[in-house]
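Where a number appears in this text, it was derived from the coordinates with a stated rule and is not lab data. The structure displayed is predicted, hence computed values, not measured ones. Quick reminder, even Gly has a Cβ in these numbers, built from the backbone with ideal geometry, and neighbours come from all protein chains shown.
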Amino acid sequence: MLNPKRGRLEDETGAERVLRAKSFRVLELLLARRGELLAKDELLRNAWPDVIVSDDALSQCISDIRRALGSRGAALLRTVPRRSYVLEEEALASVLPRRAAARHGAATASVAAVFAVITGLGCWRCLPNRMSFP
């Protein structure tokens, strides 16, 4: 799971997978445009603003990301020779599984809470000896 607030990548158990700050930034950029070819120049410009770096810096970040993604890293982060990289669409499920589940769980809990409040108000209105408050 990518945890932008803590600036880290976590596996399904919650253990941290080590990523340097620039590698984390490159992963964020690739995730934002997953499934699309993101040009090297754009990656370099957004990960290293106002700094001139070589393609080797980006290559090192890509290696870090693949290592952090584990055995499927090479398949999830595909190299397009002489152009750039593509983070495959399925990467969303493998990199962010718990975040999506947490959002779904939070939405379900919110709907249940609203339903409980409405039901409670309806029951209260039906009581014969309601107390009135000034």
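Taken together, Arg78, Arg82 contain a single residue that is surrounded by fewer than 17 Cβ atoms within 10 Å (Cβ to Cβ) and part of a loop (DSSP other than H, G, I, E, B), which is Arg82. If you check Glu28, Glu42, Glu36 for being on the phi < 0 side of the Ramachandran plot and in a loop (DSSP other than H, G, I, E, B), only one passes: Glu36.
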